[in-house]
Amino acid sequence: MSNHEHHENAHKPAQRKEMSRRQFLSYTLGGTTAFMMGGAVLPMVRFAVDPLLVKKGEGTYVKVVEESKITNEPQEFKFTVHQIDGWYVSDPELSAWISKDENNTIFALSPVCKHLGCTIGWNVKGKNEFDCPCHDARYTKDGKNLAVAPNPLDEYEVKLEDGFVYLGPIKPNTRV
């Protein structure tokens, strides 16, 4: 660069790059649209994600029956559980087959057949086993699958306290 060119550049005023009216409107309308869309989308995202952020509590136990009423023969007992599923709060009535084993240990089995989810019954056909009325699935007193069903009956966690039987969450059968 020669002195002459340097001298000419020094006297020119700095040119500002100006925004056209069209660019200004595009940026303004784009920003406003993005802000409004965010206002509409964020509540939907929170609605979907909020239940996932709630801490899960420990499984709660429900008082079902007096310990003295439990026999070696399975008996069906009904109980109510308070549950919160997302925003839906309900108190469904559940049931369990509760009995004692050879060691007088109390256990509780779920009445839901592992084949297709029908409700099983005890000793319906006089064979001292659980029977499913839907497709003739059969289970032993401990819940072991004998016919049709692919898996044994699930069992409830059991807690004995102050002479009462408390049932907790369902778990896979540990007896067979």
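The values are calculated or read from the model by the stated rules, or taken from the named source; none is laboratory data. Predicted, not measured: the structure shown is a model, and the values here were computed from it. Methodologically, a virtual Cβ is constructed for each residue, glycine included, from the backbone with ideal geometry; neighbour enumeration extends over all protein chains shown.
Structural remarks
- Scoring F47 on the criteria (1) loosely packed, with under 11 Cβ neighbours inside 10 Å; (2) over 21 Å from I170 (Cβ atoms); (3) modelled with pLDDT under 90 leaves a single failure, condition (1).
To keep it simple, each residue is scored yes or no on (1) over 30 Å from R46 (Cβ atoms); (2) surrounded by 13 or more Cβ atoms within 10 Å (Cβ to Cβ); (3) β-branched (V, I, T); (4) out of contact with any Pro (no Cβ under 6 Å at 6 or more places or on another chain).
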residue: V62; (1), (2), (3), (4): yes, yes, yes, yes
residue: N72; (1), (2), (3), (4): yes, no, no, yes
residue: S90; (1), (2), (3), (4): no, no, no, yes
residue: F107; (1), (2), (3), (4): yes, yes, no, yes
residue: N151; (1), (2), (3), (4): yes, yes, no, yes
residue: P169; (1), (2), (3), (4): no, no, no, yes
residue: T174; (1), (2), (3), (4): yes, no, yes, yes
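- Members of the stretch 85-128 that are among the aliphatic types (A, V, I, L, M), touching a strand residue (DSSP E or B) at 6+ places or on another chain (Cβ under 8 Å) and without any contact (Cβ under 8 Å) to a residue 24 or more places away in the chain: V89, L94, V124
- Taking the conditions (1) outside any loop (DSSP other than H, G, I, E, B); (2) closer than 16 Å to V112 by Cβ; (3) of a type in the set (A, V, I, L, M); (4) free of Cβ contacts under 8 Å to residues at least 40 places away in the same chain in turn, L146 satisfies each one other than (2).
- Filter result for V158 (in a strand (DSSP E or B), under 18 Å from S99 (Cα atoms) and assigned by TED's automatic domain parsing to the domain that holds L94): yes
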